[in-house]
Structures are given as C-alpha cells and as structure tokens.
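Here the structure comes first, spelled out in structure tokens, and everything after it is commentary.
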Amino acid sequence: MDINETNQHNASFNYFAKESLKKASEQNAILAQIAHKTERKLKLRWILAISCLPLFGIYTAFGLAPQTMIGTIQTAAVVEEITLPQAADSTTTIAEQNFWYKEHVRRDDTFNTVLSRLNIHNREAINFIHTDSVASEITSSLRPSRNIEAQTDNEGNLISLKYQLDSDQFIAIKQTATGYEASKIVQKFESRPILKSAEISSSLFGATDAANIPDYIAVQIAEMFESEIDFTKDLRRGDHLSVIYEGNYNQGELLKTGDVLAAEFVNNGKIYQAIGYRDESGKMQYYTPDGKSLHKSFLRSPLEFSRISSSFSSGRFHPILQRLKAHKGTDFAAPTGTRVKASGDAKVDFVGVKGGYGNVVVLKHDSGISTVYGHLSRFAAGLSRGDKVVQGDIIGYVGTTGMSTGPHLHYEFLVNGVHRDPMTVALPKSFPITGQDKVAFDAVSSQLTAQIKLLGNSNIAALE
Ligand SMILES: [Zn+2]
C-alpha cells in the first residue's frame, strides 16, 4: 500500500468515524420516533381491533414505513391475519417493532457484510436481491460511501430498502402482499447557487474546511487559477476567496454540489476572478469577467491538486540525480500515488519502462510538442500507445521507479525534440467569447461579478 492510499484510508476512516457518530444519533432519533409511533399505532390498533371484533376478528398491520425516511417510495400496509391472543396480553404485541438502519458502504464491504449490518437475515429477501433484474444491481454496484438504508422487523425480515446508486437515482425494494418488488427511482433536483467566502490562514483546504466548502469545489478553484496561483506555495495569510457554486437540492436537502459558477481569489493583494460559462457541449469553461478564456493549452503542474499533495513537504525530496544528463526537466515532489494529469490534449506516444525514467508516459501534442512523465508508480488503467487524452485526464500515479531517490514526478517539455521550460514556452490559448455567446456571457458575468463583489465586501466587513 502506498502513502497516498494510506492517507486516503485514514481520511475515509475519520470520515466514517464522524459519519457513524452522526448516524448513531440519527438512528436513535429514528428509533425513538418509531417507538413513539408504534405506541400510538398500537393504541389505535386496539381500538380498531375491538370495534371490528364482531365482524372479522383481529387484523394487525406490518410494514408501515415512517414517511420521513423515504418520501418518494410508495408505502404499503401489509395486512396479515393473526389468531386472537389468548389473554389481553399487550406486552407481546409491543415487541412487534420495525427498525431502520442507515449505513454507508465501506471500503472492505462485501454484499454479505452490508446485509448483516442492515440486519437483513431472511432468505427470501436475500434471494430476491440476488436474482431480481432491478435489485441485483445493488450487488454489482457496491461502492465505498454509497448510502444504503433498510427497514426490518425484529426477526431480521426485510420490509423496505433504499440504495443510493448515485446522486440522481436510487433502487427501492419493498415488501408487498405477494413478495418483494424493486424499482429504480430518479430523484428530481432543484438547483440553487451557494455563496461562500473564506479567509486563508494556512492552506486552501484549511480555509474551505472552515467555511464548509466541499473539497470538490476547492480543487476546482485551484484548477481554474492554476496558471496564476500555485496553491501549494503562493498562499499568504489574509488571502481570501469568494465562490459561487451550484447546489442541487431535493426537498431542501443538499444532495450534490455541481460546478463553480464564479470565483474570486485575492492572493497577496492581487485579485483573480473567474466566471463560468457552459460551452455548447455543456462543459463549464472559465473566463475573466470581460470574456478572456482562462484555459491554457498546457497546465503549469501536471499533478492533481488534492488534500494530500497540497500538504506534502517538498523538503523531504533530495534528488541525487538532478545532474543526470544535465537534468532537462522539472521535478515535482509529491507523495506516491498522487494522480498525474496530461498537461495538454495529446496522443499517447509511449507507455512503459525506459531506463532511468522507470515507468514513463510520453505524450505527443500539436505543434511538435511532447511531454514526458517519469518515475511513475503505475499507469492509468488501460492507457496504451495511440490513445487520445485531453488535458486533465489522469495518465498515471507518482512513484519512484527508475533512477530516483524519492517519490516525485519528473516532467519534461520538448518542442521539436528540444527541451524547453514549460513555464515560459507554453503560450495561453486565447478563446475570447464572441458573437451571440458574448451577449449571454456579459449578462451572466455582470450578475456573478456583482455577487462576488458583495461576497468579497462582506468578507472584508467581517474582518474589521
Ligand atoms: Zn527529474
């Protein structure tokens, strides 16, 4: 296991620890709610039972799902005939309870371990999930951190289940009078912008954590300003950031965050702004407020910005082979496993082992430009010669293969076979917005710029 994966493990362990605490209290609340409901239900049931007695004996209801949990699943009351109790013995009836279990799929889970945490033990349910065409997708799609929740009775018989496939859809299973039924349900979103601002005191993630901004958004910010700000080195205490991003809600609950719509970063007194505008393919592209593209034909750093790489001290790296063949590249110190991105659109020219480079990828770009990525621990799965990659695609992972003394990425930039400094030679590809798009963009831009300005001002006000 490499360092990166260990860190991710720890991160996810902490995450799960936090989640399970949260879950425990949620579960308690749910159980309390159920207990309360059951009690009330029982009283009602007895009244009903007594009033119906002369007509058709006693019926009791099972499988009433509390509505708070699965709003969109139709709940059905399964009515089952029972024999009359010998005496008016209410204590045995009170033992009839349903339980809700809310879980996350864990990294080392199998389908059986998930079932046992959810307290699902009846053969009929387990067979159904394995064989039903809709339900069986659960077994083939278990991924860490996905939500799964189930309602069972006190003997472990499944009553209903909900499995989150992705942020847009889930699989629902319910018990009916004739057996189990499964369906795939698509959730409807309501999209609303989320406005946040944060002051930097130590790192980008420190600031975004404090402001409760998701990592996914922090990484987008780092990437959109990549050519201007090195978020691992350039940040100053007192820098600040304002961001507007998409939030997708379902019944008031934030289910998913989308793209950054606009961002402003003040670094060392200098203001950087980005306005998002979707191209015709639906991909969000970023521009300056007056419509100049922030897209560069080559990334400054081919390393993916992440919580792990951002906190990695480059001081630990001592390349004794800097002089190797009059060292013609740039060395980026980073923990093993850090993801390496294609710095520009290209065709894969070489994937394999080559002398001192160890595991190396060579990419061929337009205009006679090639880029080289050395000492990789491994390659992106399936990457092979002739493949087309676009800027930002993951091509491999940092390692220390070949002639290397510590984990780092050795990066070379060549123009017609001659080594060049990628920082000075890579010219920005300028795609200013024009025509019809420019009109639409200007409207979006002036609105977002005004909002960002307000956010920035309130940030300053808060500091005073
Ligand atoms: Zn090197």
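All of the numbers you see were taken from the coordinates with simple rules; none came from a lab. Quick caveat: nothing in here was measured; it's all calculated off a predicted structure. So basically every Cβ, Gly included, is an ideal-geometry build from the backbone, and we count neighbours across all protein chains shown.
Quick look at the values:
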item	result
In range of the label at Thr131: residues from segment 176-193 whose backbone nitrogen is under 15 Å from the point 7 Å along Cα→Cβ	179-182
Residues of segment 189-215 with amide N under 15 Å of the 7 Å Cα→Cβ point at Thr449	none
Trypsin sites (Lys or Arg not before Pro) within segment 222-281: DSSP coil, no more than 13 neighbouring Cβ in 10 Å	Lys233, Arg236, Arg237
Spherically averaged projected area of segment 322-427 from its Cα convex hull (nm²)	6.1 nm²
Above-threshold pairs, the threshold being 18 Å between Cα atoms, out of Lys292/Lys388; Lys162/Lys188; Lys256/Lys453; Lys354/Lys388; Lys270/Lys296	Lys292/Lys388; Lys256/Lys453; Lys354/Lys388; Lys270/Lys296
Cα gyration tensor of segment 264-303 - equivalent ellipsoid semi-axes, whole Å, descending	20, 16, 8
Net length gained if the chain between Asp290 and Arg143 were fully extended (0.36 nm per residue, minus Cα distance)	48.7 nm
Per-selection Kirkwood Rh - segment 191-255 (Cα, Å, 1 d.p.)	12.5 Å
